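What follows is a set of notes on a single structure, which appears directly below.
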Amino acid sequence: MEKDLVIGIDLGGTKISGALADIKGNVINKYTIPTNADQGEQIVLQRIISVIDKLIDESVENTENIKAIGIGSPGPLDPKKGMIITTPNLPFKNFKLVEPIKNKYKIPTFLDNDANVAAIGEYMLGAGKGTQNMVYVTVSTGIGGGAILNGKIYRGNTFNALEVGHMTIEPQGPRCNCGNYGCVEALASGTAIARQAIECIKNGDNTSLLNYEKVTAAEVFKEAAKGDALSQKVLDKSLEYLGIGVANLITMFDPEVFVIGGGVANGGSIVFEKVQQVVNKRCFQVMAENCRIVPAMLGNDAGVIGAVSLAIMEIK
């Protein structure tokens with residue numbers, strides 16, 4: 001008897017990744033192609049379909065064994081309507097993505113935003129496995145997140161819950177891309193770390209970062225580890241703000257585990273030690289002591305494994 005299978009699709013601005021997996025999340029086959037977002041809605045839809053076709057053609061004799069398709073996409077979107085409302089790096093405007101896919105394959109198809117999908121992946125198959133209450137935050141170019149409450153993804157009234165990057169942390173802080181001031185994304189993201197370091201360089205501060213043509217958060221982490229005082233100062237300040245954001249979320253949701261992913265999490269112990277220090281200082285002791293703050297486990301596969309997990313979660 002053949003296994004029950006699911007397909008996960010990670011839709012990004014530059015690439016579309018797909019995976020065929022069994023009902024336990026074990027990946028059988030993966031396939032990735034460029035998105036070609038500049039060619040419009042219908043072309044991107046057809047490219048998603050071509051990834052699904054490829055996964056089916058190479059591995060499946062009978063599509064009846066495929067129980068669900070999960071799709072993760074940048075938002076904002078409406079999972080209930082299966083619609084992408086709009087997103088900066090994709091051509092969709094109020095586009096019903098789920099309907100044509102569901103109609104073509106006659107397979108239940110589910111859509112959710114990429115942060116929620118990554119949270120579901122970490123909950124089911126990654127660092128949050130075995131828990132019932134988990135918060136996930138990804139810290140890279142921007143900051144996003146998702147929450148699993150009592151074993152279910154929390155989406156909120158407009159399906160936009162856990163836009164954690166846009167919590168106001170410093171009312172008089174720098175302007176964020178969202179238009180607000182002092183968002184945690186504007187203070188603690190990889191982009192924010194790089195911006196603060198570059199501002200210090202322009203002010204004439206002495207630093208080994210002057211040895212680089214281009215300064216990103218990765219260089220700041222690298223030089224901080226070597227003892228560069230300016231890099232250490234920038235990180236200490238940014239990670240303090242990140243810790244405040246994490247502490248706020250722990251205070252709100254009281255999770256068993258708090259998972260941090262994204263490029264900034266790759267900074268390692270300096271990130272997690274500082275965040276834990278801030279949480280210990282700002283949260284109720286009982287919450288701080290009973291919440292593990294851990295790195296994400298799924299890495300670069302978070303999107304596609306998350307989409308697989310979304311499909312599994314929706315049919316269970």
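Sort out which residues of segment 268-294 are in contact with a helix residue (DSSP H, G or I) (Cβ under 6 Å, 6 or more places away or on another chain), in contact (Cβ under 8 Å) with a residue 24 or more places away in the chain and open to solvent by 70 Å² or more (accessible area, probe 1.4 Å), and write them in order of number. The answer is Arg282, and nothing else. For Gln132, the conditions (1) closer than 18 Å to Pro76 by Cβ; (2) in contact with an Asp or Glu (Cβ under 8 Å, 6 or more places away or on another chain) all hold with the exception of (1). More than 13 Å from Ala307 (Cβ to Cβ), of a type in the set (Lys, Arg) and surrounded by 15 or more Cβ atoms within 10 Å (Cβ to Cβ), is that true of Lys24? For Lys24, the condition - more than 13 Å from Ala307 (Cβ to Cβ), of a type in the set (Lys, Arg) and surrounded by 15 or more Cβ atoms within 10 Å (Cβ to Cβ) - is not met.
If you take the residues of segment 129-149 that are aliphatic (A, V, I, L, M) and buried (at least 24 other Cβ atoms within 10 Å of the Cβ), which of them is nearest to Leu249 (Cα to Cα)? If you could, list the steps in order and put the result at the bottom.
Taking segment 129-149 first, the residues aliphatic (A, V, I, L, M) are 134-135, 137, 139, 143, 147-149.
Still in the list and also buried (at least 24 other Cβ atoms within 10 Å of the Cβ): 134-135, 137, 139, 143, 147-148.
Numbers: Met134: 11, Val135: 8, Val137: 10, Val139: 14, Ile143: 13, Ala147: 10, Ile148: 12 Å.
Per the stated criteria, the residue is Val135.
The C-beta contact set for segment 196-220 (first residue outside any helix (DSSP H, G or I), second residue crowded, with 16+ Cβ neighbours inside 10 Å and of a type in the set (Gly, Ala, Ser), distance under 6 angstrom, 6+ apart or interchain) comprises Val215/Ala194; Val215/Ala197; Thr216/Ala194.
Would you check which residues across segment 151-190 are small (Gly, Ala, Ser) and either outside any loop (DSSP other than H, G, I, E, B) or within 15 Å of the chain's Cα centre (by Cα) (or both) and list them?
Ala161, Gly165, Ala186, Ala188, Ser189, Gly190
If you go through segment 193-207 and keep only what is in contact with a helix residue (DSSP H, G or I) (Cβ under 9 Å, 6 or more places away or on another chain) and over 20 Å from Leu239 (Cα atoms), you end up with Asp205, Asn206.
The residue of segment 191-206 that is farthest from the chain's Cα centre (by Cα), among those that are under 20 Å from Ile260 (Cβ atoms) and open to solvent by 10 Å² or more (accessible area, probe 1.4 Å), is Gln196. For Gly243, state whether it is open to solvent by less than 50 Å² (accessible area, probe 1.4 Å), under 21 Å from the mean Cα position of the chain (by Cα) and on the phi > 0 side of the Ramachandran plot. No; evaluated as a whole, the condition is false for this residue. Evaluation of Asn160 against the conditions (1) closer than 22 Å to Gly75 by Cβ; (2) in contact with a strand residue (DSSP E or B) (Cβ under 7 Å, 6 or more places away or on another chain); (3) among the polar types (S, T, N, Q); (4) touching a residue at least 60 places away in the same chain (Cβ under 8 Å) shows that the sole unmet condition is (2).
Could you tell me whether any residue of segment 207-227 is under 18 Å from the mean Cα position of the chain (by Cα), modelled with pLDDT under 95 and open to solvent by 10 Å² or more (accessible area, probe 1.4 Å)? Within segment 207-227 (the criterion being under 18 Å from the mean Cα position of the chain (by Cα), modelled with pLDDT under 95 and open to solvent by 10 Å² or more (accessible area, probe 1.4 Å)), the answer is no, since none of the residues qualifies.
Any chance segment 303-316 includes a residue that's within 30 Å of Leu11 (Cα to Cα), assigned to a strand (DSSP E or B) and touching a Pro at 6+ places or on another chain (Cβ under 8 Å)? There is no residue in segment 303-316 that is within 30 Å of Leu11 (Cα to Cα), assigned to a strand (DSSP E or B) and touching a Pro at 6+ places or on another chain (Cβ under 8 Å). Cβ separations smaller than 8 Å between residues 6+ apart or across chains give no pair from segment 245-264 residues that are more than 21 Å from Ile193 (Cα to Cα) and modelled with pLDDT under 95 to residues that are open to solvent by 10 Å² or more (accessible area, probe 1.4 Å) and of a type in the set (A, V, I, L, M, F, W, C).
The values are calculated or read from the model by the stated rules, or taken from the named source; none is laboratory data. Keep in mind that what you see is a predicted model, and the values were worked out from it rather than measured. All Cβ positions, even for glycine, are placed from backbone atoms using ideal geometry, and neighbour counts span all protein chains on display. Accessible surface is based on the protein model in full, side chains and every heavy atom, while ligands, DNA and RNA are left aside. Shrake-Rupley method; radii C 1.70, N 1.55, O 1.52, S 1.80 Å.
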